[in-house]
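Trainee: One structure is given below, represented as structure tokens, and several questions about it will come after.
Coordinate-derived values only; no laboratory data. Since the model is a prediction, treat every value here as computed from it, not as a measurement. Glycine gets a Cβ as well: all are built from the backbone with ideal geometry, and neighbour counts include every protein chain shown.
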Amino acid sequence: MSMQQVIDTVRGFDGVLELAPQPGSEFPEIAWGDHFFYYSPDGTVPSNTQPYATIVTKDYPDDALSNLDPAGRWRLNIHVGATVFAELTGETPDDVATRDFSEEDVFLPHPVYGALGWVAVVDPGERTLATALTLLRAAHDDERRRVERRRSRAG
């Protein structure tokens, strides 16, 4: 499945807000071409939360271990929490071993945010794609529940 197919799948979720910075936008140039997914049915960028999933298409200054700069490489990042993180990686978020974070089509701890319960897959494919799509749906639904809980407390 291509990156576009993953993006199209997430776009089909109810209440999804996708930020996809492009050249010339108000977003920093480093983010151009990447995708950030939020639950926000009113279409406004949440000010008090991070996206529940991202797609990055290049190395960042503080995140280059996945070797994303070669053309065509990309990484899907999903917030899954500690329990699912351990199921997928065999490790706990606070005890991640050193490894090759550039390996393709394998669930890995996110090289920067693994300690926060994020997993990453470089170039998802046959081994990871079906699970990744299920995890994306679960991350979206989890974020929806958090947003609704915050709203019920505030209102």
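Trainee: Mind jotting down the distance between the C-alpha centroids of region 59-90 and region 125-150, whole Å?
Mentor: One Cα centre to the other: 15 Å.
Trainee: Right, here's the next one. Given the chain, what percent of its DSSP beta bridges are antiparallel, to the nearest 5?
Mentor: Counting DSSP beta bridges with both partners in the chain, the antiparallel share is about 95 percent.
Trainee: If you look at just the Cα atoms of the chain, how large are its Rg and its Dmax in Å?
Mentor: 15.3, 48
Trainee: In nm, what is the difference between 0.36 nm times the number of residues separating GLN4 and ALA82 and their Cα-Cα distance?
Mentor: Computed gain between GLN4 and ALA82 is 25.3 nm.
Trainee: Separate question: How would you order 33-42, 49-58 from highest to lowest mean count of nearby Cβ atoms within 10 Å?
Mentor: Ranking the peptides 33-42, 49-58 by packing returns 49-58, 33-42.
Trainee: In addition: Quick one: give the max-minus-min coordinate of the C-alpha atoms of region 1-49 along each principal axis, largest first, in Å.
Mentor: Computed over the Cα atoms, the extents are 31, 28, 15 Å.
Trainee: Report the FRET efficiency, 1/(1 + (r/R0)^6), for ASP105 and THR44, where r is their Cβ-Cβ distance and R0 is 35 Å, rounded to 0.05. Before the final figure, lay out the partial values.
Mentor: Working: r = 35 Å, r/R0 = 1.00.
Using R0 = 35 Å, I get an efficiency of 0.50.
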